[in-house]
Amino acid sequence: MLIDEIRNDFPILKRKVNGKPLVYLDNAATSQKPKQVIDAIKNFYETQNANIHRGIHQLSEESTEAFERSREKVAKFISAKPEQIIFTKNTTESINTIAYGYGLKNIKKGDEILTTVMEHHSNFLPWQLVKKHTGATLKIADITDDGLLKMNHLEKLATKKTKLVAVTQVSNVLGTINPVKEISEIAQKNNSLFLVDGAQAAPHMPVDVKKTGCDFYAFSSHKMLGPTGIGVLYIKDPDKVDPFLVGGGTIKEVYTDKEAVWHDSPWKFEGGTPDVSGVIGFGATVDYLNKIGMEKIRKHEEEITKYALDKLLKIKNITIYGPMDHRLRGAVIAFNIGGIHPHDVAAILDSEGIAVRPGHACCKPLMSRLDILAMCRASFYIYNTKNEADVLVSGLEKVNKIFKR
Ligand SMILES: Cc1ncc(COP(=O)(O)O)c(C=O)c1O
């Protein structure tokens with residue numbers, strides 16, 4: 001598919017912002033949606049809407065079938081089995097499901113949890129919570145000055161006491177792609193479980209949970225062209241995890257005088273009415289991504305990241321965080337310009353129709369490690385063009401001019 005054809009699928013890319021064509025570079029926060037996904041959701045409400053797994057009437061059966069078909073598509077997308085795929089609200093809820101359903105039950109005082117300093121708060125705070133409630137130790141692997149994970153440090157911190165290793169596959173600030181296969185081997189050597197935060201990886205590159213060798217993999221539909229409100233949690237062995245949100249749909253039997261018997265996975269984890277339209281929309285998203293091809297998406301983003309990095313590095317007073325080799329990073333470029341506050345930078349870019357993210361990007365421990373309070377982040381996706389990278393560069397030159405640098 002040509003980039004013009006792809007762009008044509010995204011109605012929002014035709015709009016103007018502050019009188020300028022929209023240049024949407026906030027994809028790490030959330031992506032835009034193609035009309036195929038919007039239509040799938042609209043079609044569900046117009047022709048099929050019913051609750052699932054409950055009724056025996058035609059609409060309910062059709063909705064249930066479409067919902068479960070989405071699960072099969074998602075499973076195939078990451079080389080898993082449908083019963084290993086749990087639909088949640090987002091990556092945050094997926095990781096919390098493991099913290100509550102596995103961590104609080106199985107991790108004890110004297111045990112260790114190992115994570116890194118580059119984690120998003122969603123893969124950091126749940127482990128601080130488990131530490132607080134269980135008395136376990138939380139160990140944090142450091143990064144090098146060019147934003148790579150210090151593998152020798154991580155390996156040194158991993159011990160036989162490590163119950164769980166929790167690492168992001170791609171940093172949402174540094175862009176760093178972590179060697180998850182290697183980390184999984186370290187975890188396996190110590191008999192530790194391995195959780196991968198795939199929020200910034202699954203949208204942008206092929207994912208194979210079997211090859212990765214992880215026990216848990218979490219990601220969000222909204223960052224990969226799909227609807228908001230849908231997250232995915234892959235659990236290799238669902239029997240190891242208890243449901244964390246119990247209620248309707250999670251049981252086989254309920255008694256008044258003894259404990260309930262849980263349903264099989266995935267249903268034991270999906271209490272209450274789910275976002276049926278969202279899951280069906282996410283099925284259409286997976287079809288859309290497959291039609292383009294994840295290898296192709298990765299290649300496009302590598303090209304655009306290299307192009308943007310080369311140009312951005314020429315901007316006066318710019319500091320770019322993370323590895324400079326585009327092959328080692330995802331399509332995320334975080335930067336600061338001299339002493340100019342990232343909010344001022346983002347506001348000036350916004351006046352040019354360019355959407356970027358200023359702030360700490362939910363990575364306060366990483367901000368401290370980089371010795372900054374905040375940064376600006378431009379993040380690309382399959383519909384972004386080199387021309388848009390040029391518009392970003394011109395916008396940043398304007399920032400320098402306004403601040404007379
Ligand atoms: C690396 C990473 N992990 C987790 C999350 C949380 O995702 P969500 O807000 O969809 O739960 C994000 C969101 O930006 C992220 O970038």
Mind listing whichever residues of segment 92-136 are in contact with a Lys or Arg (Cβ under 7 Å, 6 or more places away or on another chain) and without any contact (Cβ under 8 Å) to a residue 40 or more places away in the chain? T134, G135, A136
Restricting attention to segment 271-291, does a residue exist that is more than 25 Å from T88 (Cβ to Cβ) and at pLDDT 95 or above? yes
For the subset of segment 229-255 comprising residues that are more than 16 Å from the ligand (Cβ to nearest atom) and among the hydrophobic types (A, V, I, L, M, F, W, C), which member is surrounded by the fewest Cβ atoms within 10 Å (Cβ to Cβ)? V254
Could you give every pair whose Cβ atoms fall below 6 Å, whose first residue belongs to segment 23-48 and is more than 22 Å from S351 (Cβ to Cβ), and whose second residue is within 16 Å of the ligand (Cβ to nearest atom) and of a type in the set (F, W, Y), counting only separations of at least 6 or pairs across chains? S31/Y381
Condition first: in the same structural domain as F194 (by TED's automatic domain parsing), of a type in the set (K, R) and within 16 Å of the ligand (Cβ to nearest atom). Can you find one or more residues in segment 79-93 that meet it? yes
Yes/no for H133 being open to solvent by 40 Å² or more (accessible area, probe 1.4 Å) and either closer than 24 Å to N290 by Cβ or away from the ligand (no atom under 16 Å from the Cβ) (or both): yes
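The values are calculated or read from the model by the stated rules, or taken from the named source; none is laboratory data. From a predicted model like this one, the values you see are computed outputs, not experimental measurements. In this analysis, Cβ positions are derived from the backbone assuming ideal geometry, glycine residues included, and neighbour counts consider all displayed protein chains. Ligands, DNA and RNA are excluded from the accessible area calculation, which covers all protein heavy atoms including side chains. Shrake-Rupley method; radii C 1.70, N 1.55, O 1.52, S 1.80 Å.
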